[in-house]
Amino acid sequence: MAINNPGREEIGKILKNSKRIAVVGLSDNPERTSYMVSKAMQAAGYDIIPVNPTVDEVLGIKAVKTLKEIDGHVDIVNVFRRSEYLMEVAEEFAEIDADVFWAQLGLENEEAYNYLKDKGYTVIMDRCIKVEHALTR
């Protein structure tokens, strides 16, 4: 099965109805894309949860090592890890039962996509959440 993202209208609805975004691989380096994108989403009103075992805090928020350490429901898991790690993240995503698995621009993994789609999850790959947010406001 090829990767088939939701249409722009559905992506817009997802972003309008979501509040909490867990960002896997969020760097504390302001020059990294994950930081810039997450800072913009935070400024747009989203609660950002940094998920990175190598940092203590990002954007003024205490980081967690894994998705399983997050208290409460997560609307979107936004992933900034290389494509070969997406299956591992997808398995952990399924354990926390978040709503949307979102792999950033340039990231795709057909195995992870099929695994999550077969479980009924919404999956978006190879799209920038910041760009989609700007296009669907």
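The values are calculated or read from the model by the stated rules, or taken from the named source; none is laboratory data. All of these numbers come straight from a predicted model, not from anything done at the bench. Don't worry about glycine lacking a Cβ; one is built from the backbone with ideal geometry, like all the others, and counts go over all protein chains shown. Surface accessibility is based on the protein's heavy atoms, side chains included, excluding ligands, DNA and RNA. Shrake-Rupley method; radii C 1.70, N 1.55, O 1.52, S 1.80 Å.
In the stretch 15-68, which residues are in a strand (DSSP E or B), among the acidic types (Asp, Glu) and over 25 Å from MET87 (Cα atoms)? Break it down into steps so the answer makes sense when it comes.
Of all residues in the stretch 15-68, those in a strand (DSSP E or B) come to 20-24, 47-51, 57-58, 61-62, 64.
With among the acidic types (Asp, Glu) added as a condition, the list becomes 47, 57.
Across the stretch 15-68, the qualifying residue is only GLU57.
Would you check if LEU107 is in contact with a Ser or Thr (Cβ under 6 Å, 6 or more places away or on another chain) and either assigned to a loop (DSSP other than H, G, I, E, B) or farther than 13 Å from ILE21 by Cα (or both)? Break it down stepwise before answering.
Details: in contact with a Ser or Thr (Cβ under 6 Å, 6 or more places away or on another chain): yes; either assigned to a loop (DSSP other than H, G, I, E, B) or farther than 13 Å from ILE21 by Cα (or both): yes.
When the stated conditions are applied, LEU107 passes them.
Taking VAL123 as meeting all but one of (1) open to solvent by 40 Å² or more (accessible area, probe 1.4 Å); (2) closer than 18 Å to PRO6 by Cβ; (3) in contact with a helix residue (DSSP H, G or I) (Cβ under 9 Å, 6 or more places away or on another chain); (4) not in a helix (DSSP H, G or I), write down the number of the exception.
Result: VAL123 fails condition (1) only.
Does any residue in the stretch 21-32 that is free of Cβ contacts under 8 Å to residues at least 60 places away in the same chain and within 8 Å of VAL79 (Cα to Cα) come within less than 6 Å, Cβ to Cβ, of a residue that is of a type in the set (Val, Ile, Thr) and assigned to a loop (DSSP other than H, G, I, E, B) six or more places away or on a different chain, and which pairs are these?
none
If ARG81 satisfies all but one of (1) of a type outside the set (Asp, Glu); (2) part of a helix (DSSP H, G or I); (3) in contact with an Asp or Glu (Cβ under 9 Å, 6 or more places away or on another chain); (4) over 24 Å from ASN17 (Cβ atoms), what's the number of the condition it fails?
If we test ARG81 against (1) of a type outside the set (Asp, Glu); (2) part of a helix (DSSP H, G or I); (3) in contact with an Asp or Glu (Cβ under 9 Å, 6 or more places away or on another chain); (4) over 24 Å from ASN17 (Cβ atoms), just (2) comes out false.
In the stretch 90-108, which residues are at pLDDT 95 or above and either surrounded by fewer than 22 Cβ atoms within 10 Å (Cβ to Cβ) or farther than 24 Å from MET36 by Cβ (or both)?
So the first thing to find is which residues in the stretch 90-108 are at pLDDT 95 or above, and the list is 90-96, 98-108.
If the condition is that a residue be at pLDDT 95 or above and either surrounded by fewer than 22 Cβ atoms within 10 Å (Cβ to Cβ) or farther than 24 Å from MET36 by Cβ (or both), then ALA90, GLU91, GLU92, ALA94, GLU95, ILE96, ASP99, LEU105, GLY106, LEU107, GLU108 are the ones that fit.
Of everything in the stretch 109-120, what is touching a residue at least 40 places away in the same chain (Cβ under 8 Å) and open to solvent by 40 Å² or more (accessible area, probe 1.4 Å)? Give them in sequence order.
Of the stretch 109-120, the ones touching a residue at least 40 places away in the same chain (Cβ under 8 Å) are 110, 113-114, 117.
Residues satisfying the conditions are GLU110, LYS117.
Filter the stretch 1-14 down to residues that are touching a helix residue (DSSP H, G or I) at 6+ places or on another chain (Cβ under 7 Å) and part of a helix (DSSP H, G or I), then give me how many there are.
The number of residues fulfilling the criteria is 2.
Restricting the stretch 41-80 to residues that are hydroxyl-bearing (Ser, Thr, Tyr) and under 14 Å from the mean Cα position of the chain (by Cα), which is surrounded by the fewest Cβ atoms within 10 Å (Cβ to Cβ)?
The selected residue is THR66.
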